[in-house]
Amino acid sequence: MSPDVPPVPPEFATTSSGRLTIVRGEGARLFDAAGRAYIDLGATHGVGNLGANPPEVVRAVERQMRELVHLGSGYANPVRTAFLERLLALLPPSFGSVFLSNSGTEAVEAAIKVARSVTGRPKVVAAMRGFHGRTMGSLSATWRREFREPFEPLVPGFVHVPYNDAAALDAAVDASTALVLLEPVQGEGGVHVASEAFLRAARAACDRTGALLAFDEVQCGLGRTGRLFAFERWGVVPDLLLLAKSLAGGLPIGATVIGREFVPRFRGSHHSTFGGSPLVCAAGLAALDQLVRDRLPERADRLGAVGLERLGSLPRERVREVRGLGLMIGVEFREKVGPILAGLESRGFLAIPAGATVLRLLPPLVITDAEWEAGLKAIEEVVAGG
Ligand SMILES: Cc1ncc(COP(=O)(O)O)c(C=O)c1O
C-alpha cells in the first residue's frame, strides 16, 4: 500500500490479517489459532459479562434454533413473553414495556423517538464525554468531536452539559426538553462515575419540566457495576432504561425499557425487523437466569473492590487517576495507553482503551479470582516495566 493511502479501519476491512486472530472462547479466555490463551479483560467490549459462549445460553440457543428462529413482532411467542416478563420482574414496577432491537444504538434511537413523541418537544440534554452510539440520533447525543464532525449536520436539538455538574444540567432542562439522556457510569468517555447529586438533579429537572429521563446502561448495566442495574446504586429511577451488549449473552440485542405511564401516550410508529426474535429472547432468558442465580453483580462488587484497591497503588508518576465501580474500571495514564495495551497483549491479556490515555477494564463477571489476580499483576508489571 502506498504511504499516502490511509489505512482501512477494521470495521470496513475485508480481511483481518495482520491483527490478532481469535478463533475460540471459553469463560474469560479467548484463544488464537495456535491455541494460545488470552485472558479477556475487556469482555469483548462489554458484551461478555457471562464470558465467551456461556454454556447455558448456548444450550438455550441450540434448542430454540430447532423450534423457531425468527418471528415478526405482530405475533406472540412464549419465549419472547417469558424473556420480557423476566426482565420486567427484575425492574421497579414503574416500568411496563420493552422495545426490543438489535444493538445499543437502536435502544437509544427508540428512547429519543419515545421521548419526542410523548412530550411533543424537540430538545435532548446529554452529557459531555458521553457515548450513546453511532447512528445519527445517538451520535447527536454522543460528545466526542472525532466521532461527530465528519458526519455533520447531525440531528438538531441536542445540547451537552458537563458531566456531574448538577447546576448546569438543571439550567439546561426547560419546557422544550423531551429527554435527558445520561450514562450512570460513562464508559467510552473514560470511565467516569456519576455523582448522586447529578443524577438526583436530572430526576428533579425532568419532574419539574415533564421531560423524560433515560439512563443508558448499555455498558454499565447487567451486573457490571456491582448491582444488577447501575441506577440501583443511587436509587434514582429513570423513565427509560437502555440495555444491550451482554443482555442476550453475546447475541445481538437492544432493549428500550419504558415507564408504563408513557406507552399509551406514544404517537407514531417504531419497528425493527429482527428485534425480539425467539432465538435472541431464548438467549436473553438464559443469560438473565444465570446473572441472577449466580449472583454475578455481587461478584463484580467484590472483585471490583479488590481491583480498585490494587490499581490505586500504581505509581503516580505514570498514573493520573484510577476510578470505577464494580468491574468497570478506568486507569488514566499520564501518557498514551497504546503501549500499555500492547504490553498486556504480549503477556496474554486483552484490554481496551477509553480515549487516548485510559485503560478500560471490563472483565467478564465470571472471571475467576485467579484470572483477575493474574490480570492485575500483569498491569502492575507492565506499568513498572517501561
Ligand atoms: C453507553 C453506550 N451506549 C450505546 C452504545 C452503542 O451500542 P452499539 O455499539 O451496540 O450500537 C455503546 C457502545 O459501546 C455504549 O457504550
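Among the residues of region 215-242, just one is aliphatic (A, V, I, L, M), closer than 17 Å to SER138 by Cβ and more than 14 Å from the chain's Cα centre (by Cα), namely LEU240. Among the residues of region 76-98, are any of a type in the set (Lys, Arg) and more than 23 Å from VAL218 (Cβ to Cβ)? No; the residues of region 76-98 include none that is of a type in the set (Lys, Arg) and more than 23 Å from VAL218 (Cβ to Cβ). Test GLU232 against the criterion of being of a type outside the set (Ser, Thr, Tyr) and part of a loop (DSSP other than H, G, I, E, B), and give yes or no. No.
When we screen ARG29, ARG59, ARG19 for residues that are surrounded by fewer than 14 Cβ atoms within 10 Å (Cβ to Cβ) and at pLDDT 95 or above, the only hit is ARG59.
The residues of region 20-70 that are in contact with a helix residue (DSSP H, G or I) (Cβ under 6 Å, 6 or more places away or on another chain) and either aromatic (Phe, Trp, Tyr) or assigned to a helix (DSSP H, G or I) (or both), listed by number, are GLY46, GLU56, VAL57, ALA60, VAL61, GLN64. Determine, yes or no, whether LEU291 is aliphatic (A, V, I, L, M) and within 15 Å of the ligand (Cβ to nearest atom). Criteria not met by LEU291. Provide a single number: the residues in region 238-274 that are outside any loop (DSSP other than H, G, I, E, B) and of a type in the set (Val, Ile, Thr). Result for region 238-274: 4. Taking the criterion of being in contact (Cβ under 8 Å) with a residue 40 or more places away in the chain and more than 18 Å from THR273 (Cα to Cα), the residues of region 66-82 that qualify are GLU67, ALA82.
Residues that are surrounded by fewer than 21 Cβ atoms within 10 Å (Cβ to Cβ) and charged (D, E, K, R) were ranked within region 191-225; the one that is farthest from the ligand (Cβ to nearest atom) is ARG208. Restricted to region 106-128, and to residues there that are touching a His at 6+ places or on another chain (Cβ under 7 Å) and of a type outside the set (D, E, K, R), the residue that is farthest from the ligand (Cβ to nearest atom) is MET128. Among the residues of region 237-272, those identified as hydroxyl-bearing (Ser, Thr, Tyr) and crowded, with 24+ Cβ neighbours inside 10 Å are SER246, THR256. Scanning region 283-328 for residues that are at negative phi and part of a strand (DSSP E or B) gives VAL319, ARG320, GLU321, VAL322, ARG323, LEU325, MET328. Of the candidates GLY42, GLY72, GLY46, the single residue that is within 16 Å of the ligand (Cβ to nearest atom) and under 19 Å from GLY254 (Cβ atoms) is GLY46.
Yes or no: region 173-189 includes at least one residue that is away from the ligand (no atom under 14 Å from the Cβ), under 21 Å from GLY355 (Cβ atoms) and within 21 Å of the chain's Cα centre (by Cα). No, the conditions are met nowhere in region 173-189. Of all the residues in region 307-335, those that are closer than 19 Å to GLY187 by Cβ, of a type in the set (D, E, K, R) and over 20 Å from the mean Cα position of the chain (by Cα) number 2.
The values are calculated or read from the model by the stated rules, or taken from the named source; none is laboratory data. The model shown is predicted, which means the values in this text are computed figures rather than measured ones. Glycine gets a Cβ as well: all are built from the backbone with ideal geometry, and neighbour counts include every protein chain shown.
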